[in-house]
Amino acid sequence: MRKLITIILFSFISFGLYSQEYVWSVYNVKVDRVNAGQVVTAMDNYLSQPGNLVDGVTVSLFEIMFASDDNEATHVIAFTGDPDAMNAMYSAGQNDQWQVMMNTFDQLTESKGSAAGRSIYTFNVDAEGPIHHILQLKVDEPSKYAPAFKKMWTTVKPDNRLTLGQFVSGRADGVSHYILISNDDFKDLVTQREWNAKERAAWQTYRKERGDTEVISTMTRALVKQWK
């Protein structure tokens, strides 16, 4: 299997897009199981202090549940928000509390890659689940793929949150886009949806209209803790 940076890097009655799409960055790290709790504590000590978390930015720590054998990371640290908030975060200075957290990371973690990108369409935001299944895609014709995706999932309303997004930096081996599907639990992750005739027809139309697409890799991550 081709070497990839592990990323991360879908209503019922309520259905729609985010009021505003978002940008994101992720950092993949390897942590020994025995030290995972110390990493959570270090992040909590910093991010829980007033002023250390930029308004409008959400920080999430995920543990990788399933991935290919070439993945070396055990956890993903994800930052999400609107472009202005994310820009403010990256422009902010680094205080002593930041240095304490980073010293802990230097001692307990190994960096295994990073990436940044943006969402394009997000459906059913109110049905966010703690488990994220992510498909990394090679999309040959983005101008066809995005509108076909939007048409498909406007017709077939997803059960959970569903996002189509694009990598801007940190991608590998031809990966250009991703699909993120949230799930409530393991059963939700592995249970196949039952399609009716209308939904099957919409799926066939989607496959014809989206252009050539290849799934390069998949991975699944579970939320450990979130700060916002």
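The values are calculated or read from the model by the stated rules, or taken from the named source; none is laboratory data. Note that this is a predicted model, so its numbers are computed, not measured. Cβ placement follows ideal geometry from the backbone for every residue including glycine, while neighbour counts extend to all protein chains displayed.
Do you know which of the residues in segment 85-115 that are charged (D, E, K, R) and over 19 Å from the mean Cα position of the chain (by Cα) is farthest from V34 (Cα to Cα)? Within segment 85-115, the match that is farthest from V34 (Cα to Cα) is D96.
Exactly one residue out of T220, T213 is more than 19 Å from A78 (Cα to Cα) and either at pLDDT below 95 or hydroxyl-bearing (S, T, Y) (or both): that is T213.
For segment 166-200, the tally of residues that are loosely packed, with under 15 Cβ neighbours inside 10 Å, β-branched (V, I, T) and under 18 Å from the mean Cα position of the chain (by Cα) stands at 1.
The residues in segment 201-219 that are surrounded by 14 or more Cβ atoms within 10 Å (Cβ to Cβ) and among the acidic types (D, E) can be counted, and the count is 1. Among residues of segment 135-155 that are under 11 Å from E214 (Cα atoms), those with a Cβ under 9 angstrom from a residue that is modelled with pLDDT of 95 or more and in a helix (DSSP H, G or I), sequence gap 6+ or separate chain, pair up as L137/Y145; V139/Y145; V139/A146. Looking at segment 176-200, which of the residues that are touching a helix residue (DSSP H, G or I) at 6+ places or on another chain (Cβ under 9 Å) and among the polar types (S, T, N, Q) is farthest from F66 (Cα to Cα)? It comes out as S176.
Residue by residue through segment 23-65, note down the ones that are within 22 Å of the chain's Cα centre (by Cα) and of a type in the set (V, I, T). Result: V23, V26, V29, V31, V39, V40, V54, V57, T58, V59, I64.
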